[in-house]
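Down below is the structure, laid out as structure tokens.
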Amino acid sequence: GTEFIDSYVFNKAEYIRFNSTVGRYVGYTELGLKNAEAWNKGPQLGQEQGELERLCKHNAEIYYRAILDKT
């Protein structure tokens, strides 16, 4: 399957990530944990899920078709 990951980095350290397999934000620092809790309840979660539909699923179908055409 396809996995969509959107990482947020500050000072070269990842502090929060959206992972489509988990289906929500996960925080890795104190700030990230606070943001993850808020973002999972707010409009950000729906926006990430929209990006998953718009970017990944649409493009995966195109790439898959291109691979099948070459085999």
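Filtered by the rule that a residue be at pLDDT 85 or above and open to solvent by 100 Å² or more (accessible area, probe 1.4 Å), region 34-63 gives Lys34, Glu37, Lys41, Gln47. Is it the case, given these coordinates, that Leu68 is at pLDDT 90 or above, assigned to a helix (DSSP H, G or I) and either in contact with a Pro (Cβ under 8 Å, 6 or more places away or on another chain) or more than 12 Å from Phe4 (Cβ to Cβ) (or both)? Against the criterion (at pLDDT 90 or above, assigned to a helix (DSSP H, G or I) and either in contact with a Pro (Cβ under 8 Å, 6 or more places away or on another chain) or more than 12 Å from Phe4 (Cβ to Cβ) (or both)), Leu68 does not qualify.
Scanning region 2-27 for residues that are more than 13 Å from the chain's Cα centre (by Cα) and at positive phi returns Asn11, Lys12. Candidates are the residues of region 1-18 that are open to solvent by less than 40 Å² (accessible area, probe 1.4 Å) and at pLDDT 90 or above; the one that is farthest from Gly50 (Cα to Cα) is Ile16. Going through region 19-33 one residue at a time, which ones are open to solvent by 30 Å² or more (accessible area, probe 1.4 Å) and among the aromatic types (Phe, Trp, Tyr)? Listed by number, the list holds a single entry, Tyr28.
The values are calculated or read from the model by the stated rules, or taken from the named source; none is laboratory data. For clarity, every value in this text was computed on a predicted model and none was experimentally measured. Neighbour counts are summed over all protein chains in view; Cβ atoms, including those assigned to glycine, are modelled from backbone coordinates with ideal geometry. Protein only, heavy atoms only, side chains kept; ligands, DNA and RNA dropped before computing areas. Shrake-Rupley method; radii C 1.70, N 1.55, O 1.52, S 1.80 Å.
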